[in-house]
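*Asks:* Got a structure for you, written out below as structure tokens; questions coming shortly.
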Amino acid sequence: MGALRRPAVLRREVVAGLVVALALIPEAISFSIIAGVDPRVGLFASFTMAVSIAFLGGRPAMISAATGAIALVIAPVMREHGLDYLIATVILGGLIQVAMALLGVAKLMRFVPRSVMVGFVNALAILIFTAQLPYLIDVPFLVYPMVAVGILVMVVLPRVSTAVPGPLVAIVLLTVATVAAGLTLPDVGDEGELPDSLPTLLLPDVPLTLETLQIIAPYALAMALVGLLESLLTAKLVDDITDTRSDKTRESWGQGAANVITGFFGGMGGCAMIGQTMINVKASGARTRISTFCAGLFLLVLVVGFGDVVATIPMAALVAVMIMVAVGTFDWHSITPGTLRRMPKSETLVMLVTVAVTVTTHNLAIGVVSGVLVAMVLFARRVAHLTQTHREVVQDGGVETAVYRVTGELFFASSNDLYTQFEYADDPQRVVIDLSASHVWDASTVASLDAITTKYARKGKQVEIRGLNDSSADRHERLSGRLSAH
């Protein structure tokens with residue numbers, strides 16, 4: 001708390017919040033258009049999400065607001081059933097997120113490999129950059145030098161002084177220059193009408209019936225999953241950047257509670273925003289909840305109290321900021337020739353699949369899930385190849401015995417081939433399968449062992465399985481002989 005009392009730290013957090021608020025305005029308006037709602041719905045959602053998560057979230061300095069991923073998920077509800085059903089969907093989605101948090105869904109983050117995280121970051125940088133292209137196509141020529149000047153300011157200023165964030169200086173400088181010169185350029189006002197009043201409490205006018213639940217539940221579940229995945233991945237990214245740890249479970253239920261609050265204030269819901277979070281954490285150096293709270297507060301003050309001024313901000317200034325965010329977000333080290341030569345091809349493939357699917361679908365959740373699935377398949381394939389079987393014929397108690405020593409992890413990918421590793425016709429009457437150097441992980445392995453003993457039995461030969469560790473022995477005892485042969 002002592003650090004927060006230092007004027008320099010407090011100023012940094014407040015200024016960071018202001019920069020983020022300026023960047024949130026066109027994004028919230030754009031996402032409102034994607035969802036098919038009035039810009040006010042997206043702007044109010046960004047305000048309530050940011051302010052709520054500042055108190056409820058588990059990752060300080062992370063920005064949550066209306067997002068494109070959530071907009072894409074809930075757009076069909078708005079299109080087919082209207083705003084009230086959309087609000088009900090947001091509220092139910094938030095409740096599902098709270099329930100998922102209580103069930104420990106945040107712990108699943110440990111199953112996301114590093115290569116998927118790198119792919120997630122790189123895809124995000126590409127999406128942030130491509131989202132700026134519409135503002136650079138079929139626009140007045142002056143837009144291009146304006147963007148170039150904005151980028152130049154953000155590159156040069158930190159080398160001279162870090163007292164004021166480069167993005168804020170670029171926005172103010174380009175806005176003043178545009179207004180003073182009387183230039184007619186695309187500005188924030190062109191993106192949609194800004195609200196002129198505060199958000200009010202809103203109860204969705206929908207019938208409380210099973211039919212309503214059937215309509216909104218699939219979209220609410222999808223919203224909850226996408227929102228949590230994007231938020232937890234962003235939180236992990238901020239953890240790495242700041243070398244700190246965050247409470248992922250608290251972040252999970254905090255996101256849910258923030259969505260419930262947002263719904264009751266007529267917002268379209270949201271989750272963590274990677275672009276604005278990078279502006280806050282990397283470009284502006286924010287580290288506390290103050291910046292998140294200020295981002296939401298300044299957003300409301302700007303659009304309601306200073307809407308006319310905000311409307312004059314040229315889109316070129318915000319595009320310049322987002323381009324720099326994209327450049328700073330991309331993991332350039334991951335694509336250098338040296339890294340690609342040293343990195344296992346499977347790791348590179350997982351990264352590329354995550355990037356390709358995310359960029360193609362414009363959905364970070366689908367991209368991450370695809371990357372995780374590919375990583376799991378490649379891992380299973382790699383581990384399966386490490387399983388080996390060694391045969392030796394010995395005299396055991398005066399009886400000729402074929403001893404098979406199995407090494408490696410036995411699960412569905414490796415045990416399916418185990419059946420073919422035995423010489424059923426040539427082996428003596430007694431066979432020993434030594435599993436002291438392996439582990440039985442699943443029912444597929446038990447079924448394979450049953451198939452092996454059954455085939456030997458048909459030839460009148462006796463099989464002994466020895467060396468099982470406690471866990472493997474328990475699994476084998478429970479399942480052996482009780483599994484279907486089909």
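*Asks:* Kindly list, by first and then second residue, each pair from a residue in the stretch 12-41 that is over 20 Å from V164 (Cβ atoms) to a residue that is in a helix (DSSP H, G or I) and of a type in the set (F, W, Y), limited to pairs with Cβ atoms under 7 Å and residues at least 6 apart or on different chains.
*Replies:* Between residues of the stretch 12-41 that are over 20 Å from V164 (Cβ atoms) and residues that are in a helix (DSSP H, G or I) and of a type in the set (F, W, Y), there is no close pair.
*Asks:* Among helices (runs of 4 or more DSSP H) lying entirely in the stretch 176-289, which contain 3 or more residues that are among the polar types (S, T, N, Q) and touching a helix residue (DSSP H, G or I) at 6+ places or on another chain (Cβ under 7 Å)? Break it down stepwise before answering.
*Replies:* Values: elements: 210-242, 248-264, 274-278.
It comes to 210-242, 248-264.
*Asks:* Considering each residue of the stretch 426-437, count those that are open to solvent by less than 80 Å² (accessible area, probe 1.4 Å) and either assigned to a loop (DSSP other than H, G, I, E, B) or free of Cβ contacts under 8 Å to residues at least 12 places away in the same chain (or both), and give that number.
*Replies:* 2
*Asks:* With the condition kept exactly as written, say whether any residue in the stretch 290-305 is open to solvent by less than 10 Å² (accessible area, probe 1.4 Å), closer than 26 Å to V143 by Cα and either in contact (Cβ under 8 Å) with a residue 24 or more places away in the chain or among the acidic types (D, E) (or both). If you could, list the steps in order and put the result at the bottom.
*Replies:* Filtering the stretch 290-305 down to residues open to solvent by less than 10 Å² (accessible area, probe 1.4 Å) leaves 291-292, 295-296, 299, 303.
Within this subset, residues satisfying the condition of being closer than 26 Å to V143 by Cα are 299, 303.
Next, only the ones that are either in contact (Cβ under 8 Å) with a residue 24 or more places away in the chain or among the acidic types (D, E) (or both) stay: 299, 303.
Among the residues of the stretch 290-305, at least one is open to solvent by less than 10 Å² (accessible area, probe 1.4 Å), closer than 26 Å to V143 by Cα and either in contact (Cβ under 8 Å) with a residue 24 or more places away in the chain or among the acidic types (D, E) (or both), which makes the answer yes.
*Asks:* For A217, work out the one condition from (1) of a type in the set (A, V, I, L, M, F, W, C); (2) in contact with a Leu (Cβ under 8 Å, 6 or more places away or on another chain); (3) under 21 Å from V309 (Cβ atoms) it doesn't fulfil.
*Replies:* With (1) of a type in the set (A, V, I, L, M, F, W, C); (2) in contact with a Leu (Cβ under 8 Å, 6 or more places away or on another chain); (3) under 21 Å from V309 (Cβ atoms) applied to A217, the lone miss is (3).
*Asks:* Right, next: What residue, of T420, T454, is polar (S, T, N, Q), more than 41 Å from the chain's Cα centre (by Cα) and farther than 23 Å from L378 by Cα?
*Replies:* On the way: T420 fails: farther than 23 Å from L378 by Cα.
Checking each option against the conditions leaves just T454.
*Asks:* Which number in (1) in a strand (DSSP E or B); (2) of a type in the set (V, I, T); (3) surrounded by fewer than 17 Cβ atoms within 10 Å (Cβ to Cβ) marks the one condition that T420 misses?
*Replies:* Single failed check for T420: (1).
*Asks:* Continuing with this model, one more query. Counting just the residues of the stretch 397-417 that are among the polar types (S, T, N, Q) and either open to solvent by 40 Å² or more (accessible area, probe 1.4 Å) or assigned to a loop (DSSP other than H, G, I, E, B) (or both), which one comes out nearest to Y456 (Cα to Cα)? Let's see the steps before the verdict.
*Replies:* First, pick out the residues of the stretch 397-417 that are among the polar types (S, T, N, Q): 401, 407, 414-416.
If we keep only those that are either open to solvent by 40 Å² or more (accessible area, probe 1.4 Å) or assigned to a loop (DSSP other than H, G, I, E, B) (or both) as well, we get 407, 416.
On the way: T407: 21, N416: 17 Å.
So the residue we want is N416.
*Asks:* Separate question: All but one of (1) within 30 Å of G36 (Cβ to Cβ); (2) of a type outside the set (D, E, K, R); (3) modelled with pLDDT of 85 or more; (4) loosely packed, with under 14 Cβ neighbours inside 10 Å hold for I171; which doesn't?
*Replies:* Result: I171 passes all but (4).
*Asks:* Among the candidates I29, I70, I74, I34, single out the residue that is more than 27 Å from V321 (Cα to Cα) and touching a helix residue (DSSP H, G or I) at 6+ places or on another chain (Cβ under 7 Å).
*Replies:* Numbers: I29 fails: more than 27 Å from V321 (Cα to Cα); I70 fails: more than 27 Å from V321 (Cα to Cα); I34 fails: more than 27 Å from V321 (Cα to Cα).
So the residue among I29, I70, I74, I34 that is more than 27 Å from V321 (Cα to Cα) and touching a helix residue (DSSP H, G or I) at 6+ places or on another chain (Cβ under 7 Å) is I74.
*Asks:* Now for a separate question. Just a yes or no: is a residue in the stretch 4-16 over 20 Å from G94 (Cβ atoms) and outside any helix (DSSP H, G or I)? Don't jump to the end; show me each part of the working.
*Replies:* Taking the stretch 4-16 as the starting set, the residues that turn out to be over 20 Å from G94 (Cβ atoms) are 4-16.
Now drop any that are not outside any helix (DSSP H, G or I), which leaves 6.
Looking through the stretch 4-16, at least one residue is over 20 Å from G94 (Cβ atoms) and outside any helix (DSSP H, G or I).
*Asks:* In addition: Give, as residue ranges, the helices (runs of 4 or more DSSP H) completely inside the stretch 328-396 that count at least 1 residues that are surrounded by 14 or more Cβ atoms within 10 Å (Cβ to Cβ) and among the acidic types (D, E).
*Replies:* On the way: elements: 337-342, 345-361, 364-384.
Where helices (runs of 4 or more DSSP H) fall fully within the stretch 328-396 and carry at least 1 residues being surrounded by 14 or more Cβ atoms within 10 Å (Cβ to Cβ) and among the acidic types (D, E), they are 345-361.
*Asks:* Another one. Restricting the search to the stretch 16-44, which residues are within 16 Å of V169 (Cβ to Cβ) and modelled with pLDDT under 90?
*Replies:* V19, L22, A23, listed by residue number.
The values are calculated or read from the model by the stated rules, or taken from the named source; none is laboratory data. These numbers come from a predicted model, not from an experiment. Counting neighbours? That spans all protein chains shown, and the Cβs are built from the backbone with ideal geometry, glycine included. All accessible areas refer to the heavy atoms of the entire protein, side chains included, with ligands and DNA or RNA removed. Shrake-Rupley method; radii C 1.70, N 1.55, O 1.52, S 1.80 Å.
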